[in-house]
1. Can you tell me how many residues in the stretch 163-189 are touching a residue at least 12 places away in the same chain (Cβ under 8 Å) and not in a loop (DSSP other than H, G, I, E, B)?
2. What about residue 54, is it farther than 21 Å from residue 198 by Cβ and touching a strand residue (DSSP E or B) at 6+ places or on another chain (Cβ under 6 Å)?
3. Out of the residues in the stretch 8-51 that are closer than 19 Å to residue 201 by Cβ and without any contact (Cβ under 8 Å) to a residue 60 or more places away in the chain, which is farthest from the chain's Cα centre (by Cα)?
4. Mind counting the residues in the stretch 190-206 that are in a helix (DSSP H, G or I) and farther than 17 Å from residue 54 by Cβ?
5. Which condition number does residue 68 fail, the rest of (1) out of contact with any helix residue (DSSP H, G or I) (no Cβ under 9 Å at 6 or more places or on another chain); (2) under 18 Å from residue 204 (Cα atoms); (3) touching a residue at least 12 places away in the same chain (Cβ under 8 Å) being met?
6. For the stretch 219-243, give me the residue count where each residue is assigned to a helix (DSSP H, G or I), touching a helix residue (DSSP H, G or I) at 6+ places or on another chain (Cβ under 9 Å) and modelled with pLDDT of 90 or more.
7. Given (1) within 25 Å of residue 138 (Cα to Cα); (2) at pLDDT 90 or above; (3) buried (at least 21 other Cβ atoms within 10 Å of the Cβ), identify the lone condition not met by residue 193.
8. Could you please give the count of residues in the stretch 227-247 that are closer than 16 Å to residue 291 by Cβ and surrounded by 13 or more Cβ atoms within 10 Å (Cβ to Cβ)?
């Protein structure tokens, strides 16, 4: 695919005199353009929902989600993956982010790394990819060889494959079971896909992992109760959630969290059901991790 044909490389008609604009004019133009992103994402909401279902099913069968990308796309995949363990108490290997050029590329541009299609396959082999996993290729241009090589390797193993691009009829989309193509239009700084395209990427990745984690029962209503209280901020947040859901004071919430080894859901079940941590974990396991279900019935009752 020629760069000239890519929407993300097109010249923006309203920013032709960008270098002559005031700071306020630049900010206002960027803000107007950013306002278009949500509508572009809404236009492909069904594909995003299908991807959420695909990822959820993968997790339920013990598989992993692996993001692949180069440059900004790769960095955003690594970012989303790194945010899952503290937010949802997932093991670090459950969602992984791979970036062309390796982790050095998170802070330093690695020239030519994105052009190596074999590197995409090699990085997945090093992750011991299996057919239970799902691989998502992220390439706002839709044509990154590193991502295409990875998707082709994943397909050869029978993995589910997803793709994200900001151009229609993308090469990466053709390599995936589900293509999410968010058409945000030309960037105000021509070809700088860290702008609208990067913002759209972050928004969609948020939807994918958050949606899948909700489906797995890692929330209670709209509260993220599956967090582990491992630092001051998270301990305060966990304590507040336990207090709110169990209607107890600070001391009772803190004591329950300590006995639950910082596991918020476990502490809540302990207090609401008047049981110890071990039985609370058993009850949650029987309810497949869904707190509302664990609190609403007794899985150990006869009959």
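The values are calculated or read from the model by the stated rules, or taken from the named source; none is laboratory data. Keep in mind that what you see is a predicted model, and the values were worked out from it rather than measured. Using ideal geometry, Cβ is built from the backbone for each residue, glycine included, and neighbour counts are taken over all protein chains shown.
1. Total meeting the criteria: 10.
2. Numbers: farther than 21 Å from residue 198 by Cβ: yes; touching a strand residue (DSSP E or B) at 6+ places or on another chain (Cβ under 6 Å): yes.
Here the answer is yes, as residue 54 does meet what is asked.
3. 31
4. Taking the stretch 190-206 as the starting set, the residues that turn out to be in a helix (DSSP H, G or I) are 196-206.
Then drop every residue that is not farther than 17 Å from residue 54 by Cβ, which leaves 196-203.
Number satisfying all stated conditions: 8.
5. (1)
6. Qualifying residue count for the region: 7.
7. Answer for residue 193: the failing condition is (2).
8. To start, the set of residues in the stretch 227-247 that are closer than 16 Å to residue 291 by Cβ comprises 227-229, 237-238, 240-247.
Then keep just the ones that are surrounded by 13 or more Cβ atoms within 10 Å (Cβ to Cβ); that gives 227-229, 237-238, 240-246.
The qualifying residues number 12.
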